[in-house]
Amino acid sequence: METLFLPFVNGLTWAMMVFWVASGLTLVFGVLKILNFAHGGFFMLGVYLMYTFLGTETISPLKFSSIVFLCGIIMALVGAGIERLIISRFYHLDEAYVLIATYALLLIIEGSVEGIWGLHVLSLSCPDGLGGGVDILGQTIPSYSLVIITSGLAVALSIYALINLTPVGKIVKAAAEDPSMTSALGINVTLIYAVVFAFGIFLASVAGGIGAPNQAITPTMASSFIIQAFGVVVVGGLGSIGGAFWAAIILGLADSFGTTYLPELSGIAFYVAMILILLVKPRGLAGTSIFTR
């Protein structure tokens with residue numbers, strides 16, 4: 001148990017980080033029916049905004065959380081503007097156009113980050129009191145890893161409750177399944193699209209802010225992270241929040257244990273697990289495109 005526990009925690013930490021991002025991707029696809037390649041760019045901008053506000057300063061967990069959510073709100077407003085100015089123009093076109101447009105947006109974001117913050121590897125300190133470790137089962141587990149895991153579980157439950165247990169969730173589901181009928185009932189589908197896109201960006205940015213102390217900050221982090229997030233979305237089943245959650249856990253644990261016990265698979269264990277799952281479940285774990293399940 002002692003030798004298994006540390007890679008289990010590491011895998012779960014990675015899984016919850018990626019789920020934050022993948023959940024926003026899944027919501028946007030489920031409602032707007034687009035795959036947003038620029039999503040990783042907003043994740044990265046959340047990280048760099050945190051660095052801009054904090055630098056190397058160590059602050060209280062409450063202040064840290066407040067700045068994380070401030071960055072998320074800023075990026076959500078930016079996301080809403082981008083949805084209206086750019087993304088909305090592609091709703092009635094082939095999906096390939098959206099992929100090209102959002103990939104171009106990702107490249108613009110990466111170039112802007114390099115120009116503003118430079119190419120140097122940066123780092124962010126953990127909140128005060130969370131930089132140490134906790135002894136569990138004979139292993140010293142980083143305290144901040146437990147924070148990331150807890151926050152990931154909390155966001156999973158919150159999204160489930162929002163979508164399935166609130167009037168807002170019912171309206172969003174209606175807009176996702178039949179936008180024409182929803183619009184005929186007097187509901188502003190255009191506004192719903194903008195809000196859902198902005199909320200997806202909010203989740204990506206907050207994920208970046210929360211995860212910033214746990215990783216190196218570089219201008220290339222967006223591309224690598226979005227590929228993994230897309231992998232989670234595909235394995236979970238396009239449009240399924242629950243599927244993305246379990247896919248993140250399975251792929252995260254596979255990558256962590258593979259890297260630990262089969263070092264020759266370091267860096268590719270994630271993709272090996274992804275291929276094996278899709279061979280058995282070609283449509284993903286959820287096997288459905290209904291994003292609310």
Please indicate, with yes or no, whether at least one residue in the range 105-122 is closer than 24 Å to Ser65 by Cβ, at pLDDT 90 or above and out of contact with any strand residue (DSSP E or B) (no Cβ under 7 Å at 6 or more places or on another chain).
yes
Among the residues of the range 222-248, how many are of a type in the set (A, V, I, L, M, F, W, C) and in a loop (DSSP other than H, G, I, E, B)?
1
Report whether or not Ile136 is touching a strand residue (DSSP E or B) at 6+ places or on another chain (Cβ under 8 Å), surrounded by 11 or more Cβ atoms within 10 Å (Cβ to Cβ) and in contact (Cβ under 8 Å) with a residue 24 or more places away in the chain.
no
If we scan the range 269-290, do we find a residue that is assigned to a helix (DSSP H, G or I), under 30 Å from Leu70 (Cβ atoms) and not acidic (Asp, Glu)?
no
Among the residues of the range 188-205, count how many are over 20 Å from Cys71 (Cβ atoms) and of a type outside the set (A, V, I, L, M, F, W, C).
3
Within the range 24-41, the count of residues that are β-branched (Val, Ile, Thr) and farther than 15 Å from Gly169 by Cα comes to 1
Thr52 meets each of (1) of a type outside the set (D, E, K, R); (2) at pLDDT 90 or above; (3) touching a Leu at 6+ places or on another chain (Cβ under 8 Å) with one exception, condition (3)
What is the residue count in the range 162-194 for residues that are in contact (Cβ under 8 Å) with a residue 12 or more places away in the chain and not in a helix (DSSP H, G or I)?
1
How many residues, within the range 251-274, are of a type in the set (A, V, I, L, M, F, W, C) and buried (at least 19 other Cβ atoms within 10 Å of the Cβ)?
7
When you go through Leu130, Leu106 one by one, which is the residue that is farther than 21 Å from Phe202 by Cα, in contact with a helix residue (DSSP H, G or I) (Cβ under 7 Å, 6 or more places away or on another chain) and touching a residue at least 60 places away in the same chain (Cβ under 8 Å)?
Leu130
Give me the residue from the range 1-50 that is more than 13 Å from the chain's Cα centre (by Cα) and small (Gly, Ala, Ser) and, out of that set, nearest to Gly239 (Cα to Cα).
Gly30
Quick one: count up the residues across the range 62-90 that are touching a Leu at 6+ places or on another chain (Cβ under 7 Å) and not aliphatic (A, V, I, L, M).
1
Among the candidates Ser223, Ser158, Ser151, single out the residue that is over 16 Å from Gly24 (Cβ atoms) and either at pLDDT 85 or above or under 17 Å from the mean Cα position of the chain (by Cα) (or both).
Ser223
Sole exception among (1) closer than 30 Å to Gly115 by Cβ; (2) touching a Ser or Thr at 6+ places or on another chain (Cβ under 8 Å); (3) not aliphatic (A, V, I, L, M); (4) not in a helix (DSSP H, G or I) for Pro219, by number
(2)
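The values are calculated or read from the model by the stated rules, or taken from the named source; none is laboratory data. This is a predicted model, so every value here is computed, not measured. Cβ: placed from backbone, ideal geometry, glycine included. Neighbour counts: every protein chain shown.
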